[in-house]
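Each value in this text was obtained by applying a stated rule to the coordinates, not by laboratory testing. Just so it is clear, the structure is predicted and the values come from calculations on it, not from any experiment. Every residue, glycine as well, gets a Cβ built from its backbone with ideal geometry; the counts of neighbours run over all protein chains shown.
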Amino acid sequence: MRLFRRLLSLLILAALLGGGGLAWLALSPVRLNASPLDFQVQPGSSARAAARQMVEAGIDLNPWAFEALARASRSAAALKAGSYEVEQGITLWALLQKLTRGDVSQSELAIIEGWNFRQLRDKLNAHPDLRHDGAGLSDRELLQRIGAAESHPEGLFFPDTYLFSKQSSDVDLLARAYRAMQKRLQTEWAARDPGLPLQHPYQALILASIVEKETGRAADRPHIAAVFVNRLRQGMLLQTDPTVIYGMGERFDGNLRRQDLLTDTPYNTYTRGGLPPTPIAMPGQAALQAALHPAASPALYFVARGDGSSHFSSSLDEHNRAVNKYQRGGR
């Protein structure tokens with residue numbers, strides 16, 4: 001009986017010492033190779049695997065202690081994958097809590113109104129915090145990966161600032177931007193003005209992209225949209241330079257010449273009637289709204305005043321006078 005009591009006492013003492021040692025480790029700061037320090041916890045990682053990944057990233061911790069602490073606190077199965085950032089002075093317990101909460105570090109990418117898809121891909125490929133899963137894919141393959149029904153990527157991604165965990169996939173970010181555009185487009189299409197010369201939402205997206213590229217001052221968007229809607233209604237050529245430039249692709253050197261306006265391409269709205277076959281850029285919310293809620297205006301023409309705004313005219317004579325005044329220095 002005495003031997004049993006001694007063994008029991010030793011076991012209790014060992015448990016207390018072990019628990020005390022674990023508590024001491026839990027509340028002691030871990031050493032970092034750098035501060036701040038970024039690390040990744042991969043999806044499906046156990047507590048032991050997560051500890052190993054942190055050690056490899058430069059966090060000097062005892063993997064056994066981390067796993068034991070996770071099990072003792074019943075949080076071993078609650079660790080969340082993602083990108084994390086820690087600073088000098090963090091304790092093992094605080095580190096475990098951070099992973100349990102999923103307190104991931106984030107980066108961001110701004111998609112700008114008026115960008116074309118080539119510009120967006122360049123920004124994605126150059127972003128240091130993204131995982132470049134789509135870098136080797138063609139445009140068509142990318143669309144298939146994100147579940148898009150369209151065959152051409154232009155205009156399909158909503159301009160906004162997107163937050164993401166570091167080392168997230170660029171394909172996932174594109175999918176988010178695609179879903180955002182689909183949601184905004186469908187919402188605006190459902191509330192569109194009656195009688196517009198547009199047959200389906202994709203045509204609205206095309207028109208909105210032209211409005212986006214033609215607008216120098218925000219207040220002019222609905223009036224610019226009205227000009228193009230009025231032209232579509234009357235069967236007039238749209239005659240908008242940004243579509244011609246888009247159709248030229250890399251041949252455009254920054255100077256649009258008369259010969260360019262006469263050279264036929266699917267996007268040359270001086271030689272072809274109606275809307276071009278696809279959007280020419282990514283329109284923002286304001287351009288979508290303008291395309292589907294144009295101003296009540298009889299205008300058929302507009303010309304830049306030189307200060308970012310435009311002058312609108314309902315007759316060719318008035319337009320020619322405005323061109324002479326604002327573009328040729330006439331009175």
Too-long pairs where the Cα-Cα distance tops 31 Å, listed order kept, from Lys183/Lys325; Lys80/Lys213; Lys183/Lys213; Lys123/Lys183: Lys183/Lys325; Lys80/Lys213
Charge dipole magnitude, Cβ of K and R +1, D and E -1 - the chain, Cα centre, debye nearest 20: 940 debye
For region 215-221, 3J(HN,Hα) per residue [Karplus equation, 6.51 cos²θ - 1.76 cosθ + 1.60, θ = phi - 60°, Hz, x = Gly/Pro]: 8, x, 10, 3, 5, 7, 3
For region 228-241, Karplus couplings with θ = phi - 60° (6.51, -1.76, 1.60), whole Hz, Gly/Pro x: 6, 5, 4, 5, 4, 4, 8, x, 7, 5, 6, 6, 10, 4
Sequence-separation-based contact order of region 261-331, relative, with Cα cut under 8 Å and 6+ spacing, percent: 17 percent
Ranked packing of 154-160, 265-271, 231-237, most packed first, by mean Cβ within 10 Å: 154-160, 265-271, 231-237
Using alpha-carbon coordinates, inclination of helix 2-26 to the longest axis of the chain, degrees: 30 degrees
Karplus-derived HN-Hα couplings along region 284-300 (A = 6.51, B = -1.76, C = 1.60, θ = phi - 60°), whole Hz, x at Gly and Pro: x, 4, 5, 5, 4, 5, 5, 5, 9, 9, x, 5, 7, 9, x, 4, 10
Which label in (1) -0.82; (2) -0.56; (3) -0.72 gives the computed log10 I(q)/I(0) by the Debye sum over Cα atoms at q = 0.10 Å⁻¹: (3)
Cβ-placed point charges (K, R +1; D, E -1), dipole of region 48-155 about Cα centre in debye, nearest 20: 540 debye
Folded to 0 to 90 degrees: helix 201-214 orientation relative to the chain principal axis, Cα: 80 degrees
Tyr162 long-range amide H proximity, modeled H, under 5 Å: Leu109, Ala110, Ile111
In degrees, nearest ten, helix 47-57 long axis to first principal axis of the chain (Cα): 70 degrees
Pairwise centroid distance, computed over Cα atoms, of region 233-254 with region 191-227, Å: 16 Å
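Classify region 131-273 as rounded, prolate or oblate, taking a ≥ b ≥ c as the square roots of the eigenvalues of its Cα gyration tensor: rounded when a/c is under 1.5, otherwise prolate if a/b is larger than b/c and oblate if not.
Verdict is oblate for region 131-273.
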Sequence-distant residues sharing a close amide H with Gly134 (under 5 Å, placed H): Asp170, Val171
